[in-house]
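Structure, as structure tokens:
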Amino acid sequence: MKSPAKQLGVDPYLPQNGSFGYTVSRYELDLEYKVAINRLSGTATITAVTSVELGEFTLDLSNALSVSRVSVNGKRAARFSCRGGKLRIVLGSKLPTGAAMSVVIRYGGNPRPLRTLWGEVGFEELTDGALVAGQPNGAASWFPCNDHPSAKAAFRIQISTESAYRAIANGKLVSSRARASQTVWTYEQPEPTSTYLVTLQIGVYEQVRLARTPVPIRAALPARLKDNFDHDFARQPDMMELFIELFGPYPLADGYTVVVTDDALEIPLEAQGISIFGANHCTGTRASERLIAHELAHQWFGNSVTARRWRDIWLHEGFASYAEWLWSERSGGRSCDALARYHHDQLRQKPQDLLLADPGPQAMFDDRVYKRGALTLHALRGQLGDDKFFALLKDWTTRYRHGTAITEDFTGLAANYSDESLRPLWDAWLYSTEVP
Ligand SMILES: [Zn+2]
């Protein structure tokens, strides 16, 4: 477990996160959450296969949570310890390469967000409820995991909480059972999902189902915001239609859910099959429509086709930002050309020290990654023409559906759609810091 290469971590942008030695195929979380005292407790059952001979291994888990019991394949672990955001498990006897592991972890505590380079991420208490904003490394704030976007798995999340609240997690709601004052919500997410896209949303929410949609669209929101919501989010079915037309089929079987929290949120955030907005994004003025399009587009770019390394984050943010422009143009707003000209001017006035293909962890969520990423796609579209450009996007979402990819996978695929070399375009936009 201690070769020099492995000590570098799975991803140099997040060297503390992720683990070697095994691959997880499924997480089953059976949890209880007490809203008033912010107490989370329960069991995580993790199904995995060893990729080396394994005598010990680690999972990411916040120091705010304590582990009371660990078993592997029905036997109690010889030892386990939690330190520095890692749960280290030592087995009684080594497992050979390719062995199945069922790891059962009993844990609990008062979850809190993790402090990171990008601010606080993960599990967060709201005024009356809780949310999880997992990107990029917040998953370990509420469950033990191999926290890296390239480690996709299926999820089953069961959460018991006071019946006054609605609990929302990823995937299909397979049951909700009220028992005395508690309700147990069970969600099943069969599509491979990165840990940072797994979420839990708890609040006094009403469920709304939008009419006239090619894919079921639901919403969960405080009753007081219903009128604002009806206006602000009314064009989501049209967005869904446009994105299906341009990007290919919606990637998930169970539709799309928007959660609007009763609290204000600094930024909205995507999760698998879910987007989370704050009350400040639901004001009855359609001021956040750009963001509504952006988060929906992440279901294709980021959630289904996921960057294998965080340095390739423009494959998420550049594409979702370009989707904003495509929606603007389609909905009678400013055209892609006009938006590209505007943001190109803006970008030229900012420091030109960002390499889109490798922005560095500090600048991973810098707005220049978003805008330069969108401009790169607009330049590519100009060179290929609309037919080939959108055929390429569909090829991309089909080929890497529910998988992971790197920048060179995209440039490699794009080469099939061009008679001329795209190398000068990539050199200028992806591999130079100067704004072309
Ligand atoms: Zn985004």
message = Residues to consider are Leu173, Leu265, Leu200, Leu269; find the one that is within 16 Å of the ligand (Cβ to nearest atom) and under 20 Å from Ile157 (Cβ atoms).
response = Leu269
request  = State whether the residues of the stretch 338-354 include one that is farther than 28 Å from Glu191 by Cβ, acidic (Asp, Glu) and out of contact with any Phe, Trp or Tyr (no Cβ under 9 Å at 6 or more places or on another chain).
outcome  = yes
ask   = What's the number of the condition Ser81 fails, among (1) in a strand (DSSP E or B); (2) of a type outside the set (Phe, Trp, Tyr); (3) out of contact with any strand residue (DSSP E or B) (no Cβ under 8 Å at 6 or more places or on another chain)?
value = (3)
task = Just give me the residues in the stretch 144-165 being crowded, with 20+ Cβ neighbours inside 10 Å and in contact with a Pro (Cβ under 6 Å, 6 or more places away or on another chain), in sequence order.
result = Lys152
Scope the stretch 366-381; condition within 15 Å of the ligand (Cβ to nearest atom) and surrounded by fewer than 19 Cβ atoms within 10 Å (Cβ to Cβ); matching residues = Asp366, Asp367
message = Quick check on this structure: which one of Ser335, Ser331, Ser304 is within 16 Å of the ligand (Cβ to nearest atom) and of a type in the set (Ser, Thr, Tyr)?
response = Ser304
task = Just name the residue that is farthest from the ligand (Cβ to nearest atom) out of those in the stretch 307-327 that are in a helix (DSSP H, G or I) and closer than 17 Å to Thr193 by Cα.
result = Trp310
query = more than 23 Å from Gln158 (Cβ to Cβ), out of contact with any Ser or Thr (no Cβ under 7 Å at 6 or more places or on another chain) and not polar (S, T, N, Q): does that describe Lys34?
reply = no
task = Can you give me the number of residues within the stretch 277-291 that are buried (at least 23 other Cβ atoms within 10 Å of the Cβ) and within 13 Å of the ligand (Cβ to nearest atom)?
result = 1
request  = Could you list, in sequence order, all residues of the stretch 161-185 that are under 13 Å from Gly129 (Cα atoms) and either part of a strand (DSSP E or B) or touching a helix residue (DSSP H, G or I) at 6+ places or on another chain (Cβ under 6 Å) (or both)?
outcome  = Thr161, Glu162, Arg166, Ala167, Ile168
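Rule-based calculations on the coordinates, nothing more; no lab input. Just so you know, these numbers come straight off a predicted model, no measurement behind them. Please note: Cβ atoms are built from the backbone with ideal geometry, for glycine as well, and neighbour counts cover all protein chains shown.
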